Amino acid sequence: MISDTEKRILQCLYVFPFLTVQQVRRLLMFHSSSYASTKFRALWMKELIQRRSLPSAIRAGSVPWIYALTRSGRSYLRRSGYNLRYHPYPSEVFAVEDYDNLRHDLAVTDFLIAGYLLAKQYPAISLIEMLHDRTLRAMQQSPAVFDGWLNFLVRGGKQQCIALEYERREKDVKAFERKIMALLNFIVPNAQGKSPYETQFHTASLTISFVTPISLDYTYTLKQRIETILKVTEKVYEADVFRLLYLPPGEVDPATFLTASWLRPFTDQKMSLIAV
């Protein structure tokens, strides 16, 4: 028998490829991490989820567990009506040995959790859909694959879609230029007036948010690089699509989406990510 709380955890693992106890505690607003751990253990004993520790060079006992669905867990959700076409298999999740890649995905999850909580805390904002990096990799038939995507509805009418680009490591100029060019090719309309992005996501609404934990200086460097590329490609009119933010690693405050702290190309004025 699976309790309602355990079902909710399985549903979280449908949206996110893997989660830590702390992330589920935030998502489901549990009163304590020990309570979340108890529920994880119950699902693990029922063989609906599996776990592994993050690879790390630090001392034993300091590394958090990450949890993902088992094949039985996937089957349970499929029987409950969930479409797992783009959901990664457990072997794909746990085969990753590069700790940097796992840390990237966990940081993406922290940002998306903040978007989920934003809609819980602000009645004027509804979250219609949320997609994680791993799901988008399977979905997007494009060189420009977002790290995350959120579809918000503001005050019941205005759609605001946010794509996340999480820059955990510094890129050289050429690599970053290739990334921006791929994004521009993805979002700029073709001769028929429709962009590949609009075809894929069925909306023209988009703000691409570049988030980096490196430093504020590096955030300004990325802003300058985007400005240069927009000038060279004569696409300065696309400047309002981009926002940039320095964000230290860890839990993300949902208010981050609303505060005027985001950089925009070609202006010194800081802006919010979502206008309420």
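Of everything listed in (1) surrounded by 13 or more Cβ atoms within 10 Å (Cβ to Cβ); (2) farther than 24 Å from Ser126 by Cβ, the single unmet condition for Gln224 is (1).
Residues of region 91-119 that are assigned to a helix (DSSP H, G or I) and surrounded by fewer than 13 Cβ atoms within 10 Å (Cβ to Cβ): Ser91, Asp100, Asn101.
Does at least one position in region 139-147 carry a residue that is touching a helix residue (DSSP H, G or I) at 6+ places or on another chain (Cβ under 9 Å) and within 25 Å of Arg8 (Cα to Cα)?
Here is the first cut: in region 139-147, the ones touching a helix residue (DSSP H, G or I) at 6+ places or on another chain (Cβ under 9 Å) are 139-147.
From the residues that got through so far, the ones that are within 25 Å of Arg8 (Cα to Cα) too are 139, 147.
Yes: region 139-147 contains one or more residues that are touching a helix residue (DSSP H, G or I) at 6+ places or on another chain (Cβ under 9 Å) and within 25 Å of Arg8 (Cα to Cα).
Please verify whether region 218-232 includes one or more residues that are under 23 Å from Ile113 (Cα atoms), touching a strand residue (DSSP E or B) at 6+ places or on another chain (Cβ under 8 Å) and at pLDDT 95 or above. Yes: region 218-232 contains one or more residues that are under 23 Å from Ile113 (Cα atoms), touching a strand residue (DSSP E or B) at 6+ places or on another chain (Cβ under 8 Å) and at pLDDT 95 or above.
At pLDDT below 95 and over 24 Å from the mean Cα position of the chain (by Cα): which single residue out of Ala60, Ala68 fits that description? Show your work before the answer.
Working: Ala68 fails: over 24 Å from the mean Cα position of the chain (by Cα).
The match here is Ala60.
Would you confirm, using the coordinates I've provided, whether Phe201 is in contact with a strand residue (DSSP E or B) (Cβ under 9 Å, 6 or more places away or on another chain), crowded, with 17+ Cβ neighbours inside 10 Å and either under 14 Å from Ala144 (Cα atoms) or not β-branched (Val, Ile, Thr) (or both)? Spelling it out, Phe201 is indeed in contact with a strand residue (DSSP E or B) (Cβ under 9 Å, 6 or more places away or on another chain), crowded, with 17+ Cβ neighbours inside 10 Å and either under 14 Å from Ala144 (Cα atoms) or not β-branched (Val, Ile, Thr) (or both). Going by the conditions given, is Leu153 more than 17 Å from the chain's Cα centre (by Cα), over 21 Å from Leu102 (Cβ atoms) and not hydroxyl-bearing (Ser, Thr, Tyr)? Against the criterion (more than 17 Å from the chain's Cα centre (by Cα), over 21 Å from Leu102 (Cβ atoms) and not hydroxyl-bearing (Ser, Thr, Tyr)), Leu153 qualifies. Kindly indicate whether any position in region 247-257 is touching a Phe, Trp or Tyr at 6+ places or on another chain (Cβ under 6 Å), surrounded by 14 or more Cβ atoms within 10 Å (Cβ to Cβ) and at pLDDT 95 or above. Yes, the conditions are met somewhere in region 247-257.
Table: residues versus (1) aromatic (Phe, Trp, Tyr); (2) more than 17 Å from the chain's Cα centre (by Cα).
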site: Gln200; (1), (2): no, yes
site: Tyr220; (1), (2): yes, yes
site: Leu247; (1), (2): no, no
site: Phe257; (1), (2): yes, no
site: Phe266; (1), (2): yes, yes
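From the list Leu43, Leu77, the one residue that fits, being in contact with a Gly (Cβ under 9 Å, 6 or more places away or on another chain), modelled with pLDDT of 90 or more and either surrounded by 13 or more Cβ atoms within 10 Å (Cβ to Cβ) or not in a loop (DSSP other than H, G, I, E, B) (or both), is Leu43.
The values are calculated or read from the model by the stated rules, or taken from the named source; none is laboratory data. Keep in mind that what you see is a predicted model, and the values were worked out from it rather than measured. For neighbour counting, all protein chains shown are included, and Cβ atoms are generated from backbone atoms with ideal geometry for every residue, glycine included.
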